[in-house]
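Colleague: My questions all concern the structure below.
The values are calculated or read from the model by the stated rules, or taken from the named source; none is laboratory data. In this text the structure is predicted, and so the values were computed from the model without any measurement. All Cβ positions, glycine included, derive from the backbone under ideal geometry; neighbour counts span all protein chains shown.
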Amino acid sequence: MRFGITLPIAGVDGDLRKALEYAVLAEKAGWDGVFIEDYVYFGPGKSPVFDPWITMAGVAARTEKIRMGITVTPLARRRPWMVAKQAATLDHLSGGRLIVGVGVGASEDRSFAAFGDPADIKVRAEMTDEALDVILGLWTGREFSHRGKYYQVNDVAMLPKPVNGSRVTLWIGGGWPRKSVIARAAKGDGACCFKVTDKGMDMLNPDDVRAMKATFASNPAFDIVVGGTTPGDKPAKARAQVAPLAEAGATWWSEFGSPKTLRRRIEQGPPRA
């Protein structure tokens, strides 16, 4: 299992440069990845929201080994050819360390309606599936055309290709075990999902991970991403928390934390066995 830290998209106390310092600190402390969410607007009177792509460019420029991921970009509010171009560029800037997570976006994300983007989840899901096909086609570097309901591409060979071949590492976000999410994830290299329950959503448990591993058994390299909060001051307890998930087949742990305690948690290091 590899271990990542999720950085606040609002910066640390509203300071984006401090968040970049935390990414450098995470690399030094032995974490394997840094992740950031993709929002545009939280609502009036809320925290500042920085652009995740520009933020990750800063991370790429200031680090050398650590993986970096956007988890996740709601494709329905971004042009797929721009996502393909930005991702390929950031992949080159980072030396192939980029992970791009994509999904429909949170149902409570107010920025869709605020800017006139489609707020209907079904429409956003359709756009996401079509946009994903466009991105994968453009990443090949070969001449590509697409005639769809939402997007048109006319004989484009987009260069440069991603560093590691025909695609940037691609994770799919969404609710497990929704059939639409499973079908979408089959196009990617991993899944960073939450569990759908009668009460809303929850973290994945070891049984969910085993079911996911079986579903994507045809791809042994498929990443299964889980997350939560571990007690950095109690390393044995932290390891005991993540061990059942790793044994079930999870390949990444994404650590979430409060901005007030995030620096200390990074310094304490990952709950590695």
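Colleague: With respect to residue 159, determine if the residue is surrounded by 13 or more Cβ atoms within 10 Å (Cβ to Cβ) and either within 30 Å of residue 63 (Cα to Cα) or not aliphatic (A, V, I, L, M) (or both).
Modeller: no
Colleague: I would also like to ask the following. Considering only the stretch 135-176, how many residues are more than 19 Å from the chain's Cα centre (by Cα), among the β-branched types (Val, Ile, Thr) and either part of a strand (DSSP E or B) or within 19 Å of residue 72 (Cβ to Cβ) (or both)?
Modeller: Selection size over the stretch 135-176: 2.
Colleague: In addition: For the stretch 110-134, which positions are in a loop (DSSP other than H, G, I, E, B) and in contact with a helix residue (DSSP H, G or I) (Cβ under 7 Å, 6 or more places away or on another chain)?
Modeller: Result: 117, 118, 119.
Colleague: What strands (runs of 3 or more DSSP E), lying completely within the stretch 1-109, carry at least 2 residues that are under 22 Å from residue 259 (Cα atoms)?
Modeller: Because the criterion is at least 2 residues that are under 22 Å from residue 259 (Cα atoms), the strands (runs of 3 or more DSSP E) in the stretch 1-109 that meet it are 2-7, 33-36, 67-74.
Colleague: Further, regarding this structure: Condition first: touching an Asp or Glu at 6+ places or on another chain (Cβ under 7 Å) and under 20 Å from residue 173 (Cα atoms). Now tell me which residues in the stretch 230-264 satisfy that.
Modeller: 251, 252, listed by residue number.
Colleague: While we're here: Would you mention how many residues in the stretch 187-203 are part of a loop (DSSP other than H, G, I, E, B) and over 16 Å from the mean Cα position of the chain (by Cα)?
Modeller: So the count comes out to 2.
Colleague: Please find, among 77, 67, 62, the residue that is basic (Lys, Arg), in contact with a strand residue (DSSP E or B) (Cβ under 6 Å, 6 or more places away or on another chain) and either in contact (Cβ under 8 Å) with a residue 40 or more places away in the chain or buried (at least 24 other Cβ atoms within 10 Å of the Cβ) (or both).
Modeller: Only one candidate passes the filter, namely 67.
Colleague: While we're looking at this one, here's another question. So, of the residues in the stretch 222-250 that are crowded, with 16+ Cβ neighbours inside 10 Å and part of a strand (DSSP E or B), which turns out to be nearest to the chain's Cα centre (by Cα)?
Modeller: Ranking the qualifying residues of the stretch 222-250, first place goes to 225.
Colleague: I need the full set of residues from the stretch 194-228 which are modelled with pLDDT under 95 and in contact with a Gly (Cβ under 7 Å, 6 or more places away or on another chain), in order please.
Modeller: Result: 194, 196, 201, 203.
Colleague: Can you name every residue in the stretch 244-272 that is touching a strand residue (DSSP E or B) at 6+ places or on another chain (Cβ under 9 Å), at pLDDT below 95 and among the small types (Gly, Ala, Ser)?
Modeller: The answer is 257, and nothing else.
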